[in-house]
Structures are given as structure tokens and as C-alpha cells.
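Everything below concerns the one structure shown next.
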Amino acid sequence: MGNENNSRILLSSPHMSGREMKYIQEAFDTNWIAPLGANVDGFEKELAEYVDVAAAAAVSSGTAALHLALRLLDVKQEDYVFCSTFTFVASANPILYEKATPVFIDSEPETWNMSPVALQKAFDYAKSINKLPKAVIVVHLYGQSARMDEILEICYEYNVPVIEDSAESLGSSYKGRKSGTHGKFGIYSFNGNKIITTSGGGMLVSNDEELISKSRFLATQARNQAAHYEHTQVGYNYRMSNISAGIGRGQLEVLDDRVKARRSVFERYQEKLSTIRGIQFAPELPGTYSNRWLTALIIDEKKTGFSANQLIKFLAENDIEARPLWKPMHIQPLFNEAISFNHFSSENFSEQLFEQGLCLPSGSNLKEADVDKVIEKILQLNSLIQQKTEDVTV
Ligand SMILES: *Cc1c(COP(=O)(O)O)cnc(C)c1O
């Protein structure tokens, strides 16, 4: 992924700022390599300030952060947890760690994220069988925020806490507040392909400081205060290392630049490709600001004459990495027993996104020439197809 020894144009690769080494050096100078230490404390504090939330806990991954959130909400075997279906599997795996039951909620056209309409249907159903969910996991995919006002209103009505999976939306905002700070918990990921990276890591945030402090306890093997280590509940080895946190501090300093760079990649694609009939870029709901982590689009094959998969293949042949959009959870074999609720009365909207969509190379370190090469190749495929159709018509 971070490999630059070939000329392949990658989807999203790590982009160091040059400021990371300073923090890592400090850790070395003080021999504070592990376990926790000044970088972990600093990274937590700086990230909490950046998103404007009371407290943050630095952990080993975004998945770990989600798992801790479920534990803190006391999710147990057979409890329902509602979750966006259109997401990466890491949003839903922690539900299975606790042997709880996921219920998947469809996306809606204006955000591609959780549909308040489908969510209401799920609550109606849960209420009818007297089994409300313990939590709702809302995902903000590719940087675009879900409709938080509508979603929170429904969840408040039933008194069910919301966890925001903001793994892909760090730096995005909804109505002036940062993504990940609207619900009970928010989580971020610093995996290698995310908008900023610690090589691997995550963060759990909340305005409830007590819960965050409890999350740190669970993340360090749930060790009670005693020299001999006393244990009363299951814990995990989930904390972030002081070295990783040093990388994170250096990355956080340039997060806003990274958002700007990704947005301008998106804008360049949009400007040059919207001439193609049948291409539609991921929306940006009014009142929201997307970090445009990945440029995502859908292709209406009836209009373009080529499908998303054909385009992905054509780009691969030209050394360009493009990928399908996430395959919805309710059609993953892993979850074939799960129930799901659709936005529309019949068909599922997220399946449509999956069938028609793809992501284009979107790294903040992409050169303009690389973006232009991707654009050129897409235009090339388009004119090849147009020619073919004209030939057939003649
Ligand atoms: C990356 C990602 C995660 C998981 O983060 P890790 O740090 O890789 O564990 C969770 N949810 C979504 C939507 C993601 O894209």
C-alpha cells in the first residue's frame, strides 16, 4: 500500500507530513516506547480538541473502539444492534464479538448513508415484538455525514444511544459540528488507507468523560487497582502504542490540509467527468462538509454503455487502482440470517449503489498528473464505447 516502487496509481496511500518524526524522536529520547506515555496523552487531548469533544481514548484500531463502545453500552448476547448496511464489515463485526444480533438499515439517495425512513421501520418492528435495540451504529461513508438530526430524533424517542462510525469521516462536519460528536460515542480509524494514519490505530470519543475513562480500563485488560492485578470483568489489550500516537500527532497537525487536498481531487474529477451522461458523484447534503475521503460515483450503464465493473477493469489494465463500493452487509454470507429494512418499499437502495458504484484514486498525495491520467482513461473508455454504439446504429 505504501509501496512507491511502481508507477501504479493507488486508491489511497499513507501521506506523511514530516512532523511525525519529532514526536517519535521524543519517545525514543525518553525511552518511552511503551506502553502509554506522553504521545498517547497528547494525541487524545489534541484530537478531542480538534473535534470539540470532552474526552478521547486512543486504541489499537477503529474496530477496537467500536467494540469498546458496545461493551460500554452493555450490549450482550441476543441484544439487537441496528447498523448501517452500506459499510465495511468492521462496523458490524464487533456486534458478533458480543454475540448480539445485527439488524441492517438501508441507505437513502441524498447521503448514501442510513435512511431515517428505514430506521423508523426497524424501530416499528422492534417495538412490535417488544425488543428495542441496545444501540444504533450510524456510518458516515466516504466522508459524507448521515442525516443526524432525523436519526437522533428517532433514537431519542426510543431512548436508544447512537454510536457514530466516523472511521471514514474524520474532518467532516454536519451542521457545523464535527462528524463523530453527535451521538453517545464516535469512533475514528487511523488505518493505513484512512485520511490520516498512525500505521494502525483508532480513537473512541464521547462527551461522557467517565465512559471514556472506563474504556481505557477495559482496553488495558480491565485491571483493578491492586499490585497483584485484580480482575472482575473481561478486558482487552486494545491501547495504542506511544510510537503510533506520535505518528498520529504529526498527522493531526495536517488533517485540515489533507481534507482540502482530497476535496480538490474530488472536484477535479467532478468537473472533468460530469460531461459523461450517466455518471453521478457521491452527494454532499446541504449543511454538511465531507472530507471526500474517497471519490465515489455511480454509473448508470443504460446511459454510459459501460458498467462500473468494466471501468474498474479498464483502469486496472492501465495501472490504476479503482474499487467497487462496499458490498452491503445484509447480502454478505456472514450475515445471511440477519434482518434488514429498506428505504424504498420494494428494492434495497444500498444494493443499487453496490452494483453501480466505484471509488477512484483519491489520496491527498496524488499528483495532479495522476488525477489527470485517471480522467483521461475514463474519457477514453467513454469515447470507445460511444464509437461502438454509433457503429452499431449505423
Ligand atoms: C476502516 C473502517 C473501520 C475500521 O477501522 P480499523 O482501524 O481498520 O479497525 C470501521 N468502519 C469503517 C466504515 C471503516 O472504513
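Checked against (1) buried (at least 20 other Cβ atoms within 10 Å of the Cβ); (2) under 20 Å from R292 (Cβ atoms); (3) of a type in the set (G, A, S), A369 meets all criteria but (1). Counting only strands (runs of 3 or more DSSP E) that sit completely within segment 1-105, those holding 2 or more residues that are over 18 Å from the mean Cα position of the chain (by Cα) and away from the ligand (no atom under 16 Å from the Cβ) correspond to 101-105.
Residues that are among the hydrophobic types (A, V, I, L, M, F, W, C) and closer than 10 Å to L325 by Cα were ranked within segment 336-358; the one that is surrounded by the most Cβ atoms within 10 Å (Cβ to Cβ) is L353. Which of the residues belonging to segment 80-137 are touching a Leu at 6+ places or on another chain (Cβ under 8 Å) and of a type in the set (V, I, T)? Of everything in segment 80-137, those that are touching a Leu at 6+ places or on another chain (Cβ under 8 Å) and of a type in the set (V, I, T) turn out to be V81, T87, V89, I95, I105, T111, V136, I137. Scanning segment 34-74 for residues that are surrounded by fewer than 20 Cβ atoms within 10 Å (Cβ to Cβ) and either free of Cβ contacts under 8 Å to residues at least 40 places away in the same chain or acidic (D, E) (or both) yields D41, K45, E46, E49, D52, D74. Can we say D124 is part of a helix (DSSP H, G or I) and out of contact with any helix residue (DSSP H, G or I) (no Cβ under 8 Å at 6 or more places or on another chain)? When the stated conditions are applied, D124 passes them.
Exactly one residue among Y269, Y238 is of a type in the set (F, W, Y), touching a Ser or Thr at 6+ places or on another chain (Cβ under 7 Å) and under 30 Å from K45 (Cβ atoms), and that residue is Y238. Filtering G192, G171, G186 for residues that are in contact (Cβ under 8 Å) with a residue 60 or more places away in the chain and touching a helix residue (DSSP H, G or I) at 6+ places or on another chain (Cβ under 7 Å) leaves a single hit, G171.
Screening segment 262-282 for residues that are outside any helix (DSSP H, G or I) and within 14 Å of G143 (Cβ to Cβ) and picking the one that is nearest to the chain's Cα centre (by Cα) gives A282. Quick one: would you say L152 is in contact with a helix residue (DSSP H, G or I) (Cβ under 8 Å, 6 or more places away or on another chain) and either closer than 24 Å to E78 by Cα or in the same structural domain as T295 (by TED's automatic domain parsing) (or both)? For L152, the condition - in contact with a helix residue (DSSP H, G or I) (Cβ under 8 Å, 6 or more places away or on another chain) and either closer than 24 Å to E78 by Cα or in the same structural domain as T295 (by TED's automatic domain parsing) (or both) - is not met.
Of the residues making up segment 225-266, those that are surrounded by 13 or more Cβ atoms within 10 Å (Cβ to Cβ) and more than 30 Å from V374 (Cβ to Cβ) are G235, Y236, Y238, R239, M240, S241, N242, I243, S244, A245, G246, R249.
To keep it simple, each residue is scored yes or no on (1) over 12 Å from P133 (Cα atoms); (2) touching a Phe, Trp or Tyr at 6+ places or on another chain (Cβ under 8 Å).
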site: V59; (1), (2): yes, yes
site: T63; (1), (2): yes, no
site: D74; (1), (2): no, no
site: Y80; (1), (2): no, no
site: T85; (1), (2): yes, yes
site: D106; (1), (2): yes, yes
site: V117; (1), (2): yes, no
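All told, T232 meets the bar of being of a type in the set (S, T, N, Q) and without any contact (Cβ under 8 Å) to a residue 12 or more places away in the chain.
The values are calculated or read from the model by the stated rules, or taken from the named source; none is laboratory data. Bear in mind that the values here come from a model prediction, so they are computed numbers and not experimental data. Neighbour counts run over all protein chains shown; Cβ positions are idealised from the backbone, glycine included.
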